[in-house]
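The values are calculated or read from the model by the stated rules, or taken from the named source; none is laboratory data. Keep in mind that what you see is a predicted model, and the values were worked out from it rather than measured. Neighbour counts are summed over all protein chains in view; Cβ atoms, including those assigned to glycine, are modelled from backbone coordinates with ideal geometry.
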Amino acid sequence: LKVALAIPSTVFCLWLSLLTTCKDDDPDEPMSLPTGHFSINTSFFRTRYDFINRGFELTGQSIYKFKLLRKTVVVVSGAPGRADLFNSRDLDLTAGFKALSGAIPMLPGVTTDLDPKQTATIHRRLATAQNSDHLERLIPKLLFDSCRILESWGESGVLDPFTKLPELTFQTNVRSLACAEIADNAATVAHLKQLYDTLDAATTPTSVLFPWLPSPSAIRRLLATKKIYDVISAAVDVRSQCGPAQDDTLQLLLDSGDDKMTIVGFTMGLLIAGARSTGTTSSWLITFLAGHRQWKDRTARELHQLLAEHALSTAPSTPRAPAHTARSPSPPPLADLAARLAAVPLAAWEAHTPVLDAVLRETLRLAQPHTALRQNCSAAPVRVGGAAVPPGAFAVFPFSDVHLSAALYPDPWRFDPARPASKMPFAFVGWGAGATVCLGQRLARVQLKLVTALVVLGFDLAPVDRAGRELAELPRPNWNDALACRPADGSCFLRYERA
Ligand code: HEM
C-alpha cells in the first residue's frame, strides 16, 4: 500500500518541480531564484514582502525571476526597471492582477475578461462620478453616513482600527459608487462588506494557481461572488423598473444608457478597488494620527481654520438623514460637526489642506504594501531595466523598493509627513505612476479627508495594546499582509473618547 501511495506522490512532486524550474531561453532573461529555500508557491502569496526581499538577497540582483508553477514571474526593482514597468503599454495591469492576485470577484464578461470598450466605458463613468458637481453633492451624504457610524461607537471605548475604519469607508464607498437603496440600508451594507471579506479570506494560493479546481475556498469565493451579484443586480432592477430617480451613481449610469451588466460590473469591480485600499489607508491614517499627537494637533488646527473660513457656527446645509432614520429632533454633537464640515466646499477640501495632504501621502508611503502585477500581453519580450520579460510572463514591482528605501526616505519606518518629497522619478507611487494611475484618486482623497476630519475633531484618541495599556510606540505596518497591512497579532487598538 505504501508503495502504491508513494508512486503517485513522487510523480506529482517531479511534475511540480519540472513546472517550477526556470529554463533560460533568452540570454537577456534575468537570473532565476535558486529553488529549495522556501515554498515559492505559498510564500509569494502569504509572506510576499519577505519572499521578494529574500529573492533579492539570494540572487544578489535587482531583477530576478522565479516560477509560480508554469508562470514565469520577473521581480523588478531599481530606477531603470521601475521606469520601464510603469511606462510600458505592453505590460497589462488587469491581466496581471487577475492571474496573480485573484482577490476580485470573477464573473467573466461582468467583472473580468472585459473587452476594451467595456473597460473604457467603466473608466469614463468613474471619471463622471468624480466630477466636481457630483462630488460636491456627495460630501454631505458622506459626512452623514460617517457620522451615523461614528455615533454607533458610543461616547468612549477601545476599538480595532483595522476593522472599524474599513467598515466606515466601505459605507462611504457604497454611497459613492452604488446607490441610495443599498447605502441607506445598514444591514445590506454590512452583508456586502462581509461578502467582500469572504472573497479576501477565500483567496488562497490554491484558488489563484488552480482557478479551475473546485476547492472549498474556490466554492466559497463563487458563492460570495454570486451573492454580491444578487444584491447589486436586484438594486439595479428595482431602480430601472420602478424608480424613483435618485441623485447617485446608479442613476448616472442608467441615465447614460448603460446596460445592466456594465452597471453591475462597474459597481462590483470598483467597490473592491476602492474599498480595500481606502479601508487600509483610513485605518493606518487614523492610527498614525493617534500615535503622533503633534500631527493630530496640526491636522485639527488646519480643520478649525477651514471651518472658520467656510462654516458658520450654525450649519447652513445640514446633511439630511434618509426619511426612515430621521428621528432625533435636536442633532447630537457629531451631527453638528458633520453639518459644519459639509459647508466647506470641495475646492477647499482639495486645495487648502496641505497638512492632510502630507499626512495622507506619508500614510500611503508607509502602509500600502502594494505590489504592481503585470502580464506581458504582447507577442514580443518586453525589456524592463535591461532584462527580458517573455510574452505571457509576468512582471511584478514591490512598492517597498521605493517607499521603504533608506536612500530615498532616510529612516524609512519613521512616520514623518514633513519629510521632503524625493526628486527621483517614481520615488512616490502611492497612486500609481506612468501608464497606470489610480482612476479613483479624487474620490478616495475626498472620502479620506472627510472621515479624518470627523474623527480628529470628534474624538480624543490614544493607541493601546490588547489590555488597554497605552503604547509608547506604534507597531510597524505589516507589509506581509498584502491586502490590509494589519500589524502582527492584533497588537494595536485605539482608545477613544468623544471630544
Ligand atoms: C486610498 C485609496 C486608494 C489607493 C491608495 C489607490 C491606489 C491605486 C494604485 C497604486 C493603483 C495602481 C496600481 C498598480 O500600478 O499596480 C490604482 C489603480 C486603480 N485604482 Fe486606485 N486606489 C485607491 C482608491 C481607489 C478607488 C476609490 C477607486 C474607484 C472608485 C480606485 C480605482 C482604481 C482603478 C480603476 C485602477 C486601475 C487603473 C488602470 O487600470 O490603469 N482606486 N489605485
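Of the conditions (1) closer than 29 Å to Arg54 by Cβ; (2) surrounded by fewer than 16 Cβ atoms within 10 Å (Cβ to Cβ); (3) within 13 Å of the ligand (Cβ to nearest atom), Phe426 fails just one. Which one is it?
It fails just one condition, (2).
Given the options Phe493, Phe415, Phe428, name the one that is at pLDDT 95 or above, over 29 Å from Leu306 (Cα atoms) and not charged (D, E, K, R). Give the derivation first.
Values: Phe415 fails: over 29 Å from Leu306 (Cα atoms); Phe428 fails: over 29 Å from Leu306 (Cα atoms).
One residue alone meets the criteria, Phe493.
Of the residues Ile52, Ile63, only one is closer than 17 Å to Ala393 by Cβ and either in contact with a helix residue (DSSP H, G or I) (Cβ under 6 Å, 6 or more places away or on another chain) or free of Cβ contacts under 8 Å to residues at least 40 places away in the same chain (or both); which? Steps first, answer last, please.
On the way: Ile52 fails: either in contact with a helix residue (DSSP H, G or I) (Cβ under 6 Å, 6 or more places away or on another chain) or free of Cβ contacts under 8 Å to residues at least 40 places away in the same chain (or both).
Criteria check complete, one pass: Ile63.
If you check Thr371 against the conditions, is it closer than 21 Å to Pro30 by Cα and among the β-branched types (Val, Ile, Thr)?
Values: closer than 21 Å to Pro30 by Cα: yes; among the β-branched types (Val, Ile, Thr): yes.
When the stated conditions are applied, Thr371 passes them.
What number goes with the only condition from (1) crowded, with 22+ Cβ neighbours inside 10 Å; (2) among the aliphatic types (A, V, I, L, M); (3) within 14 Å of the ligand (Cβ to nearest atom) that Ala95 does not pass?
Result: Ala95 fails condition (1) only.
I'd like to check something: does the range 117-135 contain any residue that is on the phi > 0 side of the Ramachandran plot and more than 23 Å from the chain's Cα centre (by Cα)? Even if it seems obvious, please write down each step before you answer.
Of the residues in the range 117-135, the ones on the phi > 0 side of the Ramachandran plot are none.
Checked against the condition, which is being on the phi > 0 side of the Ramachandran plot and more than 23 Å from the chain's Cα centre (by Cα), the range 117-135 yields no hits at all.
Residue under question is Ala395, and the condition is that it be crowded, with 22+ Cβ neighbours inside 10 Å and touching a residue at least 12 places away in the same chain (Cβ under 8 Å); does it hold? Let's see the steps before the verdict.
Numbers: crowded, with 22+ Cβ neighbours inside 10 Å: yes; touching a residue at least 12 places away in the same chain (Cβ under 8 Å): yes.
Against the criterion (crowded, with 22+ Cβ neighbours inside 10 Å and touching a residue at least 12 places away in the same chain (Cβ under 8 Å)), Ala395 qualifies.
Residue by residue through the range 247-295, note down the ones that are more than 16 Å from the ligand (Cβ to nearest atom) and either free of Cβ contacts under 8 Å to residues at least 12 places away in the same chain or assigned to a helix (DSSP H, G or I) (or both).
Gln251, Leu254, Asp255, Gly257, Asp259, Lys260, Met261, Ala290, Gly291, Arg293, Gln294, Trp295
Given the options Thr59, Thr47, Thr72, name the one that is more than 25 Å from Gly269 (Cα to Cα), modelled with pLDDT of 90 or more, in contact with a Cys (Cβ under 8 Å, 6 or more places away or on another chain) and away from the ligand (no atom under 16 Å from the Cβ).
Values: Thr59 fails: in contact with a Cys (Cβ under 8 Å, 6 or more places away or on another chain); Thr47 fails: in contact with a Cys (Cβ under 8 Å, 6 or more places away or on another chain).
Unique residue meeting the criteria: Thr72.
List, please: which pairs have Cβ atoms under 6 Å, are six or more places apart or on different chains, and start with a residue in the range 110-138 that is more than 14 Å from Leu177 (Cβ to Cβ) and end with one that is among the small types (Gly, Ala, Ser) and surrounded by 19 or more Cβ atoms within 10 Å (Cβ to Cβ)?
Val110/Gly265
What is the residue count in the range 343-391 for residues that are polar (S, T, N, Q), in contact with a helix residue (DSSP H, G or I) (Cβ under 9 Å, 6 or more places away or on another chain) and surrounded by fewer than 22 Cβ atoms within 10 Å (Cβ to Cβ)?
Number of matching residues: 2.
Which count do you get for residues in the range 92-150 that are at pLDDT 85 or above and of a type in the set (Asp, Glu)? Don't jump to the end; show me each part of the working.
Filtering the range 92-150 for residues at pLDDT 85 or above gives 92-100, 117-150.
In the following step, the residues that additionally are of a type in the set (Asp, Glu) were identified as 92, 133, 136, 145.
Of the residues in the range 92-150, 4 are at pLDDT 85 or above and of a type in the set (Asp, Glu).
May I ask you to verify whether Val451 is in a helix (DSSP H, G or I), within 16 Å of the ligand (Cβ to nearest atom), closer than 28 Å to Ile139 by Cβ and of a type in the set (A, V, I, L, M)?
yes
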